[in-house]
Amino acid sequence: MNDSDLLELVIKAQNGDQEALSHLLQRFYPKVKRLSKFRNKQEQEDMEQELMLLLIKTILAYDTQKTPDFSAFIAECGYSK
């Protein structure tokens with residue numbers, strides 16, 4: 001998935017497209033799992049839920065006009081590859 005595909009999905013999600021939002025969340029879920037894997041089971045689940053909520057807020061608040069490179073933004077938020 002390239003930057004323009006991510007940007008298009010973000011724009012769609014911001015316009016209420018639940019499928020686009022779901023696709024974005026699925027795209028970044030492996031990174032969320034990786035960040036939480038060093039916690040105990042209960043803490044993992046809590047951390048994953050909080051990270052997913054943060055990701056949703058980030059997607060919906062992302063300024064698509066100001067910063068067109070969503071991948072760079074995600075990297076700055078700690079979701080880099």
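Which of the residues that make up region 38-56 are surrounded by 10 or more Cβ atoms within 10 Å (Cβ to Cβ) and charged (D, E, K, R)?
Arg39, Glu43, Glu45, Asp46, Glu48, Glu50
In the chain, which helices (runs of 4 or more DSSP H) lie fully inside it and hold 1 or more residues that are at pLDDT 95 or above?
Because the criterion is at least 1 residues that are at pLDDT 95 or above, the helices (runs of 4 or more DSSP H) in the chain that meet it are 3-14, 18-36, 41-61.
The values are calculated or read from the model by the stated rules, or taken from the named source; none is laboratory data. Remember, it's a predicted structure, so these values are computed and weren't measured experimentally. Please note: Cβ atoms are built from the backbone with ideal geometry, for glycine as well, and neighbour counts cover all protein chains shown.
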